[in-house]
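Enquirer: Can you read through this structure? Questions will come right after.
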Amino acid sequence: MSTATSPHVSTEFATTYRDVLADRIDFEIAATKKVIAAIPDAKKDYRPAENSRTAWDLALHLATADVWFLNGIADRSFEWAGDPPKPANTPAELAPWYEKNVKAALARIRAMSPEQLVQPVPFFGIQNLPASMYLLWAHEHTVHHRGQLTTYLRPIGAKVPDIYGGSFDEPFTGA
């Protein structure tokens, strides 16, 4: 049981917070999918330093942890049973798996009642926040690891996709 205290939030705040962050997470899915798909299968073992994850390990972590974290919010329980089985063998297979499963987990969160959103959920004794408050953690996890992964792309000969308004490889078109 967690000894961390849980802040009080109203059901109205939790619902609005959920809606704002769920929309933001939903917006990020397309960019994350493009970054995962940009990894050339023949170069997925690339790592920028000896103690870095490979591009493939980082992509797997990003995809599976995002799904695990969102489902943990929806379940109002964060249980770690060890690394899940690999959901794919190539980046081309992982990208659609990620999109499908993150959207399904996000739909579960959108279906949560206001009472469920304010229910305190312990997180390994570190935090004990209302369920809705973990959505920012989920969003930040995605952005953090996707950013890491984008730095791998050019060294392995891949193009960096447009994430927030263009990149050298995929210029902003205003669309």
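The values are calculated or read from the model by the stated rules, or taken from the named source; none is laboratory data. Keep in mind that this is a model prediction, so the values were computed, not measured. Note that we place each Cβ from the backbone using ideal geometry, even for glycine, and neighbour counts take in every protein chain shown.
Enquirer: In the range 84-93, is there at least one residue being more than 17 Å from L136 (Cα to Cα), at pLDDT below 95, outside any helix (DSSP H, G or I) and touching a Ser or Thr at 6+ places or on another chain (Cβ under 6 Å)?
Expert: Yes, because at least one residue in the range 84-93 is more than 17 Å from L136 (Cα to Cα), at pLDDT below 95, outside any helix (DSSP H, G or I) and touching a Ser or Thr at 6+ places or on another chain (Cβ under 6 Å).
Enquirer: Could you tell me which residue of the range 25-46 is nearest to W137 (Cα to Cα), considering only residues that are of a type in the set (D, E, K, R) and surrounded by 15 or more Cβ atoms within 10 Å (Cβ to Cβ)?
Expert: Here the residue is E28.
Enquirer: Taking the condition of being within 14 Å of K33 (Cα to Cα) and surrounded by fewer than 18 Cβ atoms within 10 Å (Cβ to Cβ), how many residues in the range 100-111 meet it?
Expert: The total comes to 2.
Enquirer: Also, quick follow-up: Of all residues in the range 134-175, which are exposed (fewer than 11 other Cβ atoms within 10 Å of the Cβ), more than 30 Å from Q119 (Cβ to Cβ) and of a type outside the set (S, T, Y)?
Expert: G157, G165, F168, P171, F172, G174, A175
Enquirer: Go through the range 125-144 and give me each residue that's outside any helix (DSSP H, G or I) and touching a helix residue (DSSP H, G or I) at 6+ places or on another chain (Cβ under 9 Å).
Expert: Q127, L129, P130
Listed here are the residues, each with its yes/no results for (1) under 16 Å from R18 (Cβ atoms); (2) free of Cβ contacts under 8 Å to residues at least 12 places away in the same chain; (3) touching a Pro at 6+ places or on another chain (Cβ under 9 Å).
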site	(1), (2), (3)
A63	no, no, yes
E99	no, no, no
S113	yes, yes, no
H139	yes, no, no
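Enquirer: If you scan the range 86-120, which residues turn out to be of a type in the set (D, E, K, R) and farther than 25 Å from A55 by Cα?
Expert: R108, R110, E115 - these are the residues of the range 86-120 that are of a type in the set (D, E, K, R) and farther than 25 Å from A55 by Cα.
Enquirer: Identify the single condition in (1) out of contact with any Leu (no Cβ under 7 Å at 6 or more places or on another chain); (2) more than 26 Å from G166 (Cα to Cα); (3) surrounded by 17 or more Cβ atoms within 10 Å (Cβ to Cβ); (4) among the small types (G, A, S) that A14 does not satisfy, given that it satisfies every other one.
Expert: Only one criterion in (1) out of contact with any Leu (no Cβ under 7 Å at 6 or more places or on another chain); (2) more than 26 Å from G166 (Cα to Cα); (3) surrounded by 17 or more Cβ atoms within 10 Å (Cβ to Cβ); (4) among the small types (G, A, S) is unmet by A14, namely (1).
Enquirer: Restricting to the range 33-46, and then to whatever is without any contact (Cβ under 8 Å) to a residue 60 or more places away in the chain and more than 21 Å from the chain's Cα centre (by Cα), can you tell me which residue is nearest to P161 (Cα to Cα)?
Expert: Checked the range 33-46; the qualifying residue nearest to P161 (Cα to Cα) is D41.
Enquirer: Checking the structure you have, find out if any residue of the range 74-83 is in contact (Cβ under 8 Å) with a residue 60 or more places away in the chain, crowded, with 18+ Cβ neighbours inside 10 Å and part of a helix (DSSP H, G or I).
Expert: No.
Enquirer: Output the number of the condition that G125 fails; it satisfies all remaining conditions of (1) surrounded by 15 or more Cβ atoms within 10 Å (Cβ to Cβ); (2) farther than 16 Å from I29 by Cβ.
Expert: Looking at each condition in turn, G125 falls short on (1).
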